[in-house]
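The values are calculated or read from the model by the stated rules, or taken from the named source; none is laboratory data. Note that the structure is a prediction, hence the values are computed from the model and not measured. Cβ placement follows ideal geometry from the backbone for every residue including glycine, while neighbour counts extend to all protein chains displayed.
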Amino acid sequence: MFRQALAESQAWTPIESPWTLPTGPTIVRRTIRVQLRDGSLAQSLIASTNVLVDQVRPTMTKLTVAWSYGARAWIIRYAGKDVGSGVASYKIVLKRNGTVRILANARVSTSYALRIPHSAHFVIVVRARDRAANLSRPLYSYH
């Protein structure tokens, strides 16, 4: 919490500056600047930071799963897009034989080599996560 001296002889009090943020798919970028002053009226340097309010989930645009004889693995390729803060990572889940296993929870790369038998039956689920931690709807690939 930021505090500011109201006068030399008074105690520090909280500063409140409420914002009303829009609802829905609007992306809001704000810059916050703060400068503090002590009882002697000495001032700090101005500190600033950027704030992004992104309530829009990313979308998955691609998911392919193909066997690679050279790699002896299933190669999973995926991509997402995000109009707000940008795609930060991907979550990859394997469903096989009644078991659910998270293969990657914060993967940056857009491909993954899954080393299970070529004859295996499984489902791959991929979701994109943006920098504001919004998750896309899942894309499924059945094999």
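Quick notes on this one:
- Any hit, the range 48-65, residues being in a loop (DSSP other than H, G, I, E, B), modelled with pLDDT of 90 or more and either among the charged types (D, E, K, R) or over 30 Å from T20 (Cβ atoms) (or both): yes
- Failed item, numbered, when G70 is tested on (1) over 16 Å from A132 (Cα atoms); (2) outside the structural domain of P117 (by TED's automatic domain parsing): (2)
- Selection status of A133, of a type in the set (A, V, I, L, M), within 28 Å of T20 (Cβ to Cβ) and surrounded by fewer than 16 Cβ atoms within 10 Å (Cβ to Cβ): yes
- Residues of the range 78-103 classified as of a type outside the set (V, I, T), touching a Lys or Arg at 6+ places or on another chain (Cβ under 7 Å) and within 18 Å of F122 (Cα to Cα), total: 3
- Subset tally (residues that are under 13 Å from Y140 (Cα atoms), crowded, with 17+ Cβ neighbours inside 10 Å and not hydroxyl-bearing (S, T, Y)) for the range 58-78: 4
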